[in-house]
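The values are calculated or read from the model by the stated rules, or taken from the named source; none is laboratory data. Treat the numbers as computed from the prediction; the structure is a model and nothing was measured. Cβ atoms come from the backbone with ideal geometry, glycine included; neighbour counts cover every protein chain shown. Accessible surface is based on the protein model in full, side chains and every heavy atom, while ligands, DNA and RNA are left aside. Shrake-Rupley method; radii C 1.70, N 1.55, O 1.52, S 1.80 Å.
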Amino acid sequence: MLKNPHETGGLPARRLLAWYKRCGRTLPWRETADPYRIWISEIMLQQTRVDTVIPYYERFLKQFPDVFALARAPLQDVLKAWENLGYYSRARHLHEAAKIITGRFGGRIPNTLEAIRTLPGIGDYTAGAILSIAFERAVPAVDGNVRRILSRVFAVAKPINDPGEHRHFFELAASLVPKKRASGFNQALMDLGATVCRAKNPDCGACPLASLCLAHHRHLQDRLPVMRKAPAIPRRQSVAAVLRNDKGRLLVVQRPAEGLLASFWKLPGGFLKDHENPEAGLRRLVREELGLSIRVGKKIASVDHAYTHFRVTLHVYEGFLFNGKPAAKRCPNRQWAAAADLKKLPLSKIDRMAAKLI
Ligand code: SF4
């Protein structure tokens, strides 16, 4: 009977490294040893597919070639560079962290766990990835892919998507990382999870860990990892008004500096209350946001979008101003934007979709 790999020395680093050399993915952030570039790539890769990240990564580094350039840039430029990449708090944290790195660390990305974990936007996984890849520190980088591999190789029947179990997988991974070549080891696991030990139909025939994988030997690949059932995702309704001035410019408002899509721009409006009439809700929202009375005209379009924890349908209406000037009541800023201005402002995906439709 196959023994638990823990009893036979953990994961064979040499075999994994040889596989990585042969089959690892060629990625732009692997062609550099610059910790700044590695940091940017790891933040962009959080919750985001590699092929989506590549063009953003390249454009971002052209615009902000080092941590000083990023720290100096206005937040609006950083948000604009992040537009459509999603999870926008990453961009704000990156910008904030760049200021801390230049102010407190002399422009050098911190190379210890204690120091790097003080930066905004850096959790256990990202800290482990940056420290191992940029500085060869022997720390694990455990994301969902790595938890899946560990669950299968060691036949761990704990739900890998339950945050309460993450510590178990983290400690298991920490016991496996070799003292030398942690960078290659961690990246090999990342690639193995992405290309071979996939969630569905793992390619065990091509896997360098097949000879010691308990799931493979016990034919449990399809039953491991265990996943905790995700809660149903609620759907919310939101409304927005297309308000133009006599020059044909569109009224847009900036979102508050905290909360969903913070500091991005959008059309006036917001989320409806449960069972609220859309037209009445839109009048209420515009009054609260800008102190304006409006008449709501016909619906122009509806746009759907999914966030991590909810889905939203945005209904866009024609609006007409009764009187008054827009005041920044529940928004930090507002402006009448010409089409060219609109292109320069950071808009979230759903607001950009709505703007295109009108
Ligand atoms: S042998 Fe199969 S199940 Fe086990 S780690 Fe490799 S790909 Fe995953």
Considering only the chain, what is the antiparallel percent among its DSSP beta bridges, to the nearest 5? 70 percent
Less than 11 Å from a label point 7 Å out along the Cα-to-Cβ axis of ASN245: which backbone N atoms in segment 278-300 qualify, by residue? none
Ranked by GNM mean-square fluctuation in the chain (Cα springs under 10 Å), the top entry among PRO178, PRO225, PRO332 is PRO332
If one computes the Cα centroid of segment 269-292 and of segment 171-211, what distance in Å separates the two points? 51 Å
Place a point 7 Å from Cα of ALA230 in the direction of its Cβ. Which residues in segment 192-207 have their backbone N less than 18 Å from it? 194, 198-201
Per residue solvent-accessible surface (Å²) - segment 13-169, probe of 1.4 Å: 45 Å²
At a 1.4 Å probe, what is the % contribution of carbon and sulfur to the accessible area of segment 1-108? 51 percent
With a point put 7 Å past each Cα toward its Cβ, work out how far ARG14 is from ALA338 in nm, to one decimal. 6.9 nm
Computed over the Cα atoms, what is the radius of gyration of segment 236-358 divided by 2.2 N^0.38 Å, N being its residue count? 0.96
Run through the DSSP bridge list for segment 235-357 and note the antiparallel percent, rounded to the nearest 5. 70 percent
Listed peptides 104-116, 122-134 by packing density, highest first (mean Cβ within 10 Å): 122-134, 104-116
Per residue, how much accessible surface does segment 235-357 expose to a 1.4 Å probe? Answer in Å², no decimals. 53 Å²
Which residues does the label zone of ALA280 cover in segment 293-333, counting backbone N under 15 Å from a point 7 Å along Cα→Cβ? 296
Considering the chain as a Gaussian network with a 10 Å cut-off on Cα pairs, which listed residue, ALA81, ALA328, ALA232, attains the greatest mean-square fluctuation? ALA232
Quick one: the Cα spread of segment 5-217 along its three principal axes, in angstroms, biggest first? 55, 33, 31
Average silhouette area of the chain, convex hull of alpha-carbon atoms, in square nanometres: 20.2 nm²
How long are the three semi-axes of the equivalent ellipsoid of segment 270-329, in whole Å, if each is the root of 5 times an eigenvalue of the C-alpha gyration tensor, listed from largest down? 22, 14, 10
With a 10 Å radius around each residue's Cβ, average the other Cβ atoms per peptide and rank 160-169, 283-292, highest first. 283-292, 160-169
Part-to-part distance (alpha-carbon centres) for segment 328-358 and segment 27-86, which is given in Å: 23 Å
Ellipticity estimate at 222 nm from DSSP helix runs (n ≥ 4, -39,500 (n - 2.57)) divided over the chain, nearest 500: -12000 deg cm²/dmol
